[in-house]
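Asker: One structure, as structure tokens, below. Some questions next.
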Amino acid sequence: NELQISGSSLGGALEWIGGGYLFMEKGTERQNTLLDYRPTFIQNAQSIGRVKNESQSLFAQATLKIPGLDGLSATAGLRYTWDQREIARTSFNNGNCALLTADVGGTPLSPCVREAGYKADAPTWTLGLDWQISPDHLLYVASRKGYRSGGVNQRANIPAQFAPFEP
């Protein structure tokens with residue numbers, strides 16, 4: 001969900017927008033695999049991951065038409081984002097826990113569940129100048145900083161693979 005408020009001021013020379021964003025997601029991913037290696041054995045693998053993802057942000061941006069310089073405008077914007085990811089995973093091969101206590105020589109977890117979480121927050125921004133030379137030509141320069149959330153590798157069996165990754 002996103003809530004926005006926008007408008008113009010200074011006789012239309014300043015256009016602005018501000019608001020907030022909220023994202024919440026819960027889900028379950030189930031993977032069942034049957035590996036048939038006859039005549040020696042049949043392997044049945046099952047993995048279940050339960051996830052919860054949340055993201056919130058606040059933002060504001062404004063564009064000012066520069067007085068006295070026809071077609072020139074400046075834009076500035078700021079956004080701040082807070083993210084949280086959580087996962088609980090189980091994994092079995094032929095009924096035995098496939099989640100190990102250590103990367104090398106680990107034993108199966110008991111109970112067979114591994115949980116992990118991740119939290120991050122970050123500011124992002126945009127700054128720019130545009131010059132509308134004619135209806136068909138626009139020159140601009142912009143500088144921006146973006147952000148993409150991190151998370152957790154859901155299909156990992158050993159602890160090193162299950163470590164959260166950064167944004």
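Asker: Please report the accessible area of Arg155 (heavy atoms, 1.4 Å probe, ligands and nucleic acids excluded) in Å², nearest 10.
Answerer: Its heavy atoms expose roughly 130 Å² to the probe.
Asker: In terms of the Cα gyration tensor, with a ≥ b ≥ c the square roots of its eigenvalues, is region 119-167 rounded because a/c is under 1.5, prolate because a/b exceeds b/c, or oblate?
Answerer: In terms of gyration-tensor shape, prolate.
Asker: Let me ask you something else. Ranked by accessible surface with a 1.4 Å probe, highest first, in what order do Phe165, Phe59, Phe23 come?
Answerer: Highest to lowest solvent-accessible surface, that is Phe165, Phe23, Phe59.
Asker: Just by accessible area at a 1.4 angstrom probe, what is the order of Ile5, Ile66 from largest to smallest?
Answerer: Final ranking, largest accessible area leading: Ile5, Ile66.
Asker: Next question. Under a 1.4 Å probe, what is the accessible area of the chain per residue, stated in Å²?
Answerer: 67
Asker: Now, a different point. With only Lys, Arg, Asp and Glu charged, each at its Cβ (+1 for the first two, -1 for the last two), find how big the charge dipole of the chain is about the Cα centre; round to the nearest 20 debye.
Answerer: The dipole magnitude comes to about 560 debye.
Asker: Measure off, as a whole percent, the carbon and sulfur share of the 1.4 Å-probe accessible area of the chain, all protein chains present.
Answerer: 56
Asker: Follow-up question, since we're still on this one. Over the chain, how many pairs of lysines fall under 26 Å by alpha carbon, counting only those 8 or more apart in sequence or from different chains?
Answerer: 5
Asker: Regarding the chain, what's the average projected area of the Cα-atom convex hull, expressed in nm²?
Answerer: Taking the Cα atoms of the chain, their convex hull projects to 15.2 nm² on average.
Asker: How charged is the neighbourhood of Glu29? Take every other residue with its Cβ under 10 Å from the Cβ of Glu29, and add Lys/Arg as +1 and Asp/Glu as -1.
Answerer: Residues close to Glu29 contribute a combined charge of +4.
Asker: HN-Hα J couplings of region 134-141 from phi, Karplus 6.51/-1.76/1.60, θ = phi - 60°, integer Hz, Gly and Pro as x?
Answerer: Whole-Hz 3J(HN,Hα) from phi for region 134-141: 8, x, 9, 9, 10, 10, 8, 9.
Asker: Return the calculated 222 nm mean residue ellipticity for the chain, to the nearest 500 deg cm²/dmol, obtained by summing -39500 (n - 2.57) across DSSP H runs with n ≥ 4 and dividing by the residue count.
Answerer: -500 deg cm²/dmol
Asker: Related question: So what J values fall out for region 47-63 if you push phi through Karplus, 6.51 cos²θ - 1.76 cosθ + 1.60 with θ = phi - 60°, rounded to Hz, Gly and Pro as x?
Answerer: For region 47-63, the Karplus curve yields 9, 10, x, 10, 10, 9, 10, 9, 8, 10, 8, 10, 8, 8, 8, 9, 10 Hz.
Asker: Below 8 Å, C-alpha to C-alpha, sequence gap of six or more: please give me the relative contact order for region 117-167 in percent.
Answerer: Relative contact order, region 117-167: 34 percent.
Asker: Can you find, among Gly49, Gln132, Tyr147, the residue farthest towards the positive end of the dipole of region 25-167? Put +1 on the C-beta of Lys and Arg, -1 on that of Asp and Glu.
Answerer: Gly49
Asker: Out of Ala13, Ser91, Leu58, whose Cα points farthest toward the positive end of the dipole of the chain (charges: +1 Lys, Arg; -1 Asp, Glu; placed on Cβ)?
Answerer: Ser91
Asker: Once you have a ≥ b ≥ c as the square roots of the Cα gyration tensor eigenvalues for region 34-121, tell me rounded if a/c is under 1.5, and otherwise prolate or oblate according to whether a/b is larger than b/c.
Answerer: Verdict is prolate for region 34-121.
Asker: Report the local net charge at Thr126: Lys and Arg +1, Asp and Glu -1, summed over other residues whose C-beta lies under 11 Å from its C-beta.
Answerer: That works out to +3.
Asker: Among residues other than Ser8 whose Cβ falls under 13 Å from its Cβ, what is the net charge (Lys/Arg +1, Asp/Glu -1)?
Answerer: 0
Asker: While we're here: FRET efficiency for Gln56 and Ser110, Cβ-Cβ distance as r, R0 = 45 Å, nearest 0.05?
Answerer: Result of the calculation: an efficiency of 0.80.
The values are calculated or read from the model by the stated rules, or taken from the named source; none is laboratory data. Treat the numbers as computed from the prediction; the structure is a model and nothing was measured. Counting neighbours? That spans all protein chains shown, and the Cβs are built from the backbone with ideal geometry, glycine included. Surface areas here come from the heavy atoms of the whole protein model, side chains and all, with no ligands, DNA or RNA. Shrake-Rupley method; radii C 1.70, N 1.55, O 1.52, S 1.80 Å.
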